[in-house]
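A quick write-up on the structure given underneath.
The values are calculated or read from the model by the stated rules, or taken from the named source; none is laboratory data. Just so it is clear, the structure is predicted and the values come from calculations on it, not from any experiment. Heads up, the Cβs are rebuilt from the backbone with ideal geometry, glycines too, and the neighbour counts pull from every protein chain shown. Accessible surface is based on the protein model in full, side chains and every heavy atom, while ligands, DNA and RNA are left aside. Shrake-Rupley method; radii C 1.70, N 1.55, O 1.52, S 1.80 Å.
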Amino acid sequence: MSSLSLFLCISFLFLPLTSAARFACTSKYPGTCQSLVGYVPLNATTLGSVRSLFQLRSFRSLLAANSLSLNTPQNYTVPALSTVRIRFPCSCSGGSGSSFGLPVYKVRPGEGLDAIARGTFAGLVTYEEIAKANNISDPNRIEVGQQIKIPLPCSCDMVGADPVVHYAHVVAAGSSITGIATAFGTTEDTLMKLNGITDPKSLQAGQVLDVPLRTCSSSIGSTTLDRNLRVPNGSYVLTANNCIQCSCSSSTWQMNCIPTQGISSSVCPAAKCGDMFLGNISSTSACDNTLCSYAGYTNSTSFTILTNLTTNSMCNNEASPVSQPKANSSSRLRFGLFSWMEFVVFVHVALALLSFYW
């Protein structure tokens, strides 16, 4: 371990202890919903290791949650202290939500509940929560090889009248309610009410916040198997047995769905609106266009992908959704490089114009 990694590990262990991170979940949501947590590993790791730690059934779901190509390998490096989004099923009980069944962690030699909570799972849970979820009366007495459930915080509640995806965000040192609200496209008031914060100055590093990510509206029917599909901006989701890839548009609040690339057509039924393929657009006027939209899937008699034609108006003043922070550091690096190149081009053009007029 490098001296920097050792310093970060020691610093992390001495973060102030925060209270339980249970998220309120009072809705009568049927079954489970999908939630997200932001996992920040202390040391460099791989996507395959992250998948194994959180026991994700599908590697594709990990790629989708982080907007990575489906061709990304499992040995893809995740830099230390970068954020990886984990999508998982959430179940509500007793007024709060927690991960449904998984992950389950096997205790290793020399480990205690606090080290597992704050080290292995990067502070997404507390040792008290792990003890309660596993009926452990004495947190100091656990055995090597013992299987313990890790109750990740989550919720299925709507915020106001809007369906959202709840995201567990671990507060970094130096953060503020204002900065977090701006970064995730929500309001300070919403964040404070949702997390029971009365004084924004009381925010602590290591605290786990319930951040509501606004989702796109869709054409999915109320009787389909994925009728509760929620997709926040900045990620995509695979549905209909991985045959359909849906993302939240960066220019409208409409869900955009297309056939998943690389999935055999023999496995997935055709997704068309007459002669139009799913995701295709045709202009009907200067302001309106027609889109072949995804409407859900059924499997009662046979596996069927539903579609319908929807008309979108391009001549409105509706604000675009706020982009959510990218999950991996390489995406942030590319964004920063692109912005710098734009600045350089702008300076050159400005100098050329100045020289011309002179």
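For the stretch 237-308, the alpha carbon convex hull comes to 101 Å³ per residue, rounded to a whole number.
For Glu129, the accessible surface of its heavy atoms amounts to roughly 20 Å² (probe 1.4 Å, protein chains only, rounded to the nearest 10). Accessible area per residue for the stretch 189-282 is 48 Å², calculated with a 1.4 Å probe on protein heavy atoms, without ligands, DNA or RNA. For the set Glu111, Glu128, solvent exposure ranked by accessible area (probe 1.4 Å, protein chains only) runs largest to smallest as Glu128, Glu111. By accessible area, using a 1.4 Å probe on protein heavy atoms only, the stretch 82-155 has 47% of its surface on carbon and sulfur. Sparsely packed loop sites in the stretch 179-229 (the trypsin sites (Lys or Arg not before Pro) outside DSSP H, G, I, E and B with at most 15 other Cβ atoms within 10 Å) comprise Arg227. Peptide packing: for 43-56, 87-100, the average count of neighbouring Cβ atoms within 10 Å per residue gives the ranking 87-100, 43-56, highest mean first.
Net length available on complete extension from Asp138 to Ala172 is 9.2 nm, with 0.36 nm assigned per residue and the Cα-Cα distance removed.
Computed extension length for Ser251-Leu309: 18.9 nm, one decimal, from 0.36 nm per residue of separation with the Cα-Cα distance subtracted. Kirkwood analysis of the Cα pair distances in the stretch 139-258 returns a hydrodynamic radius of 16.7 Å.
Inter-label distance, Asn75 to Asn299: 3.3 nm, where each label sits 7 Å from its Cα along the C-beta direction. When peptides 231-242, 202-213 are sorted by average Cβ neighbour count within 10 Å, with the highest value leading, the order is 231-242, 202-213. Entry comment: accessible area of the stretch 32-125 is 39 Å² per residue, from protein heavy atoms only and a probe of 1.4 Å.
How would the stretch 53-210 be classified by its alpha-carbon gyration tensor: rounded, prolate or oblate, with rounded meaning a/c under 1.5 and the a/b versus b/c comparison settling the rest? Judged from the Cα gyration tensor, the stretch 53-210 comes out oblate (a/c at least 1.5, b/c at or above a/b).
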